[in-house]
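Colleague: Mind having a look at this structure? Questions to follow.
The values are calculated or read from the model by the stated rules, or taken from the named source; none is laboratory data. All figures in this text were calculated on a predicted structure; none of them were measured in a lab. Here the Cβ is made from the backbone with ideal geometry for all residues, glycine too, and neighbour counts use every protein chain on show. Ligands, DNA and RNA are excluded from the accessible area calculation, which covers all protein heavy atoms including side chains. Shrake-Rupley method; radii C 1.70, N 1.55, O 1.52, S 1.80 Å.
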Amino acid sequence: MPTSPAAGRPHTPSADPSSNGVSAPILLELVDEAGATIGTAEKLSAHLPPGRLHRAFSVFLFDGEGRLLLQRRAAGKYHSPGVWSNTCCGHPYPGEPPFVAAARRTAEELGVAPALMREAGTVRYNHPDPASGLVEQEYNHLFVGLVTAPLDPDPEEIGETAFVTPAELAALRGSGPFSAWFPTVLEAALPAVRELTGDAGW
């Protein structure tokens, strides 16, 4: 299972700059248990214990052989640094459709647009992260798709990438840490993953 380090590309800011050149706070959509928007909150504050339920997304992209694209989160990230996770995950801006946000962040983090991407349901979870003390209290929109173009990951977001088979994923999960949310979002996305990848073994 070869991995590819991320290096070299200029960082794409994930926050909109304010008029004085300072990055404005990143706001998330707060939602109720049915996924309806009920307000907004600053990103970090929404993750402080006990956490506030907010909208998120998770993307699972595969190559033509049915291998899943994983990313190892950059060591400098404040939340879950240095751990493996799914292709891309994040939060829509307030009012931004989750599909649009998922495509946007995939391009920002990995430097590539999915060749195909479709909705794969939603999942709601509450996952404390023991390492950081932060809490993932999320209503998560899932997407699966295909990637065919070469990757150009942002090294401030991603430490390395890997395309893995189911067996390689199992071995990797046994050898090191993954993000707290990874098992939940993978299980929830599996029906759509299997439709997409056919006999790849997922």
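Colleague: Using beta carbons and a limit of 6 Å, which pairs, at least six apart or on different chains, have the first residue in the range 140-162 and surrounded by 18 or more Cβ atoms within 10 Å (Cβ to Cβ) and the second one of a type in the set (Phe, Trp, Tyr)?
Modeller: So the pair list comes out as His141/Phe57; Val144/Phe60.
Colleague: Within the range 167-187, work out how many residues are in a helix (DSSP H, G or I) and closer than 25 Å to Thr122 by Cα.
Modeller: The number of residues fulfilling the criteria is 9.
Colleague: Next question, about the same structure. Select from the range 173-183 the residues that are open to solvent by less than 50 Å² (accessible area, probe 1.4 Å) and more than 14 Å from the chain's Cα centre (by Cα) and list them in ascending order.
Modeller: Gly176
Colleague: Working only within the range 125-139, note down all residues that are surrounded by fewer than 22 Cβ atoms within 10 Å (Cβ to Cβ) and either on the phi > 0 side of the Ramachandran plot or out of contact with any Gly (no Cβ under 6 Å at 6 or more places or on another chain) (or both).
Modeller: Selection gives Tyr125, Asn126, His127, Pro128, Asp129, Pro130, Ala131, Ser132, Gly133, Leu134.
Colleague: Now, a different point. Scan the range 79-91 and tell me whether some residue there is within 15 Å of Leu30 (Cα to Cα), open to solvent by less than 70 Å² (accessible area, probe 1.4 Å) and part of a loop (DSSP other than H, G, I, E, B).
Modeller: Yes, the range 79-91 contains a residue that is within 15 Å of Leu30 (Cα to Cα), open to solvent by less than 70 Å² (accessible area, probe 1.4 Å) and part of a loop (DSSP other than H, G, I, E, B).
For every residue, the table says whether it meets (1) without any contact (Cβ under 8 Å) to a residue 12 or more places away in the chain; (2) crowded, with 19+ Cβ neighbours inside 10 Å; (3) touching a helix residue (DSSP H, G or I) at 6+ places or on another chain (Cβ under 6 Å); (4) at positive phi.
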{"position": "Pro166", "(1), (2), (3), (4)": "no, no, no, no"}
{"position": "Ala171", "(1), (2), (3), (4)": "no, no, no, no"}
{"position": "Val185", "(1), (2), (3), (4)": "no, yes, no, no"}
{"position": "Arg194", "(1), (2), (3), (4)": "yes, no, no, no"}
{"position": "Trp202", "(1), (2), (3), (4)": "no, yes, yes, no"}
